1. Pairing the Cα long axis of helix A:101-126 with the longest principal axis of chain A, what angle in degrees results, from 0 to 90 and rounded to the nearest 10?
2. With charges only on Cβ, +1 for K and R and -1 for D and E, what is the dipole size of the range A:2-126 about its Cα centre, in debye, rounded to 20?
3. Report, for A:VAL88, each distance to the same residue's label point in the other copies, shortest first and in nm; define the point 7 Å along Cα→Cβ.
4. Other chains' Cβ within 10 Å of B:2-15 residues: what's the mean?
5. Among A:ILE84, A:THR8, C:ASN71, which residue has its Cα positioned farthest towards the positive end of the charge dipole of the protein assembly as shown, with +1 placed on the Cβ of Lys and Arg, -1 on the Cβ of Asp and Glu, and the dipole taken about the Cα centre?
6. Let me know the mean shielding of B:26-35 by other chains, meaning the per-residue number of their Cβ atoms within 10 Å of its Cβ.
7. For peptide B:19-25, how many partner chain Cβ atoms fall within 10 Å of a residue's Cβ, on average?
8. From the phi angles alone, apply the Karplus equation (6.51, -1.76, 1.60; θ = phi - 60°) to the range B:73-88 and give each ³J(HN,Hα) in whole Hz, x where the residue is Gly or Pro.
Amino acid sequence: MEAVAIVTGLALLQLFVFAFQVGKMRVKHGVKAPAVSGHEEFERMFRVHMNTLEQIVIFLPALWLFALYVNPLIAAGLGLLFIIGRFVYRASYLVDPGKRSMGFTLGWLPMMALLIGGMIGALLKML
Amino acid sequence: MEAVAIVTGLALLQLFVFAFQVGKMRVKHGVKAPAVSGHEEFERMFRVHMNTLEQIVIFLPALWLFALYVNPLIAAGLGLLFIIGRFVYRASYLVDPGKRSMGFTLGWLPMMALLIGGMIGALLKML
Amino acid sequence: MEAVAIVTGLALLQLFVFAFQVGKMRVKHGVKAPAVSGHEEFERMFRVHMNTLEQIVIFLPALWLFALYVNPLIAAGLGLLFIIGRFVYRASYLVDPGKRSMGFTLGWLPMMALLIGGMIGALLKML
């Protein structure tokens, strides 16, 4: 389970770095709080962070369900793929939001594998 | 606890479906990323998803606190009510945002029962 | 662990109160859903809530990692500091968004201590 805990921490650190970069863009482009629009580059990083927030809310419980009911090491491995997918998503979104789908899918596939796998594992244990 | 795990998975699947429907509305109404406004129907689905995200962040820990410190089967039952409430919220918000309060309350009541119940359970166990 | 559960519940209650106050500002200033802008005071409270949501998604898993792999009572204490920091953040943001950094830092420091500490604890246990 320690490997799952460390992957959890890494995903949270990534989310924090993305939030920090939103703050940097805010300063760079003079987007004054509470505004969340006004400059394209700021808005892109803002959406990368928000989308990663949306995903991590699904990812973390799915990671732990899979770890508990299927296998913790496979969970940790799929979790690392999710984190890599999110970095690809960020990089491609900042260059061109229209090209964000590959990075999205790279993070989405391991996340769905964790979620569906974890649910099946819990179901099998219950029956 | 397996029932709680499955309800967790169902709530996450619902959140994912809502996110997917935001993406569909984005394409349907030509709202190009990173924009998150520009068409009323898109904005409604966007807010349904965001509000469900806000709620699930409270709901999931509350569900597990209640399961651990009160009763896992009652937790799972209240969790199902929360998920139903969110579907009602989505349906009414898309028709008319002014009529979203009943669906909101249907999801909110079991969520608060889980949160307050779970906290009281933990408090009683500590004393 | 009960102390950690209660701090978890308190942080969730705080997030709920912030969400409730966003709703009150919505009514007060006539910002009709699905709009999330249109009045400065509403937008400030909206951003306070969103930022607290972003933080709690990191805070709660970090709190439990620290409790599991380091010490539950220290975790609960750092968690209370996080909650206090968020109240200071809210108060200063509503007065002047430009003065939000002290409250932000007050919540951010214990959160990062929980995250980094929890990861180190898990790493040491694995080795």
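1. 30 degrees
2. My answer is approximately 240 debye.
3. For A:VAL88, the other copies' label points sit at 4.2, 4.2 nm, shortest first.
4. For peptide B:2-15, the averaged partner shielding equals 6.
5. Towards the positive end, the residue furthest out is A:ILE84.
6. Across B:26-35, the average partner-chain Cβ count within 10 Å equals 3.
7. 1
8. 6, 5, 4, 4, x, 4, x, 5, 4, 4, 4, 4, x, 5, 5, 5
Every number in this text was worked out from the coordinates using simple rules, so none of it is lab data. As the structure is a prediction and not an experimental result, all values here were calculated from the model. Using ideal geometry, Cβ is built from the backbone for each residue, glycine included, and neighbour counts are taken over all protein chains shown.
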